[in-house]
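The values are calculated or read from the model by the stated rules, or taken from the named source; none is laboratory data. Quantities reported herein were computed from a predicted structural model and do not represent experimental measurements. Note: ideal-geometry Cβ built from the backbone for every residue, glycine included; neighbour counts use all protein chains shown. What goes into the accessible areas is simple: the full protein's heavy atoms, side chains included, and nothing from ligands, DNA or RNA. Shrake-Rupley method; radii C 1.70, N 1.55, O 1.52, S 1.80 Å.
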Amino acid sequence: MAGHSKWANIQHRKGKQDKKRAVLFARLSKEITVASKMGGPDPAMNPRLRLAVQNAKGQSVPKDNIQRAIDKGQSGGGADYVDIRYEGMGPGGVGIIVEASTDNKNRAATDVRTAFSKNGGSLGTTGSVSFGFEQVGEIEYGPEAGTADEIMEAAIMAGAQDVESDEDGHWIYTAREDLGAVSDALAEHFGDKVESKSTKLIWKPNTRVPVAGDAAETLMKLLDVLDELDDVSNVYDNSELSDEEVARLAGD
């Protein structure tokens, strides 16, 4: 998904959460299947699968769905998937990074390129946008995990670099190589009281580009189209929307 961004909040406030949830469940299940096929069905011996299962549980994917996805990987499903990164510019000069996991590179490239071209953007070359982002670890907790101060204290003790909190939850950022250690430390801190909603490497923008008006509307449509493509795993952007613009786009 798009990660901690106002775009994601707009989608939620516009009542699209049910549709997004179905897409998310399918995406999480695919990652479990691919991880199971590549590294075996035992999460204890397969770090990628362990993380995929943890993220699925954090999003309340049913246990039966998780097990079916693991079994599918062992029975030959998830065949020949490759991970690809696309980079491009969106309306208003916003940089966009798209991560895909696909068994058909031509289809994925065509779908992504079409999404950009039909929604005011242009697909660039690898490296054309990512230089303005930093790859870091991100651990997401819901608001029930604690107050902003409590999460900040726990995150610092666990070795995190930064924390962002709002009414929707908490996002804890780590150095790329520290994600596993910080995630384990936080899991030990919280115990059985609360689970993280997601733990993953993301592309975090170094600076953000203000966007408003027609450009903001077209950008939201582009991000939405990209996020719903079957081959796409994650979409990141460096847009900055004012609270007034968020309210307008959400139809408040």
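Inspect the range 139-146 for any residue being open to solvent by 50 Å² or more (accessible area, probe 1.4 Å) and part of a helix (DSSP H, G or I) and give the result as yes or no. Looking through the range 139-146, at least one residue is open to solvent by 50 Å² or more (accessible area, probe 1.4 Å) and part of a helix (DSSP H, G or I).
Show the residue pairs meeting these rules: Cβ distance below 8 Å; 6+ apart or different chains; first residue within the range 116-138 and on the phi < 0 side of the Ramachandran plot; second residue open to solvent by less than 50 Å² (accessible area, probe 1.4 Å) and acidic (D, E). The qualifying pairs are L123/E87; G124/E87; T125/E87; T126/E87; S128/E87; V129/E87; S130/E87. Here M89 fulfils each of the conditions (1) modelled with pLDDT under 95; (2) of a type outside the set (S, T, Y); (3) over 18 Å from the mean Cα position of the chain (by Cα) apart from (1).
What about S101, is it hydroxyl-bearing (S, T, Y) and at pLDDT 95 or above? When the stated conditions are applied, S101 does not pass them.
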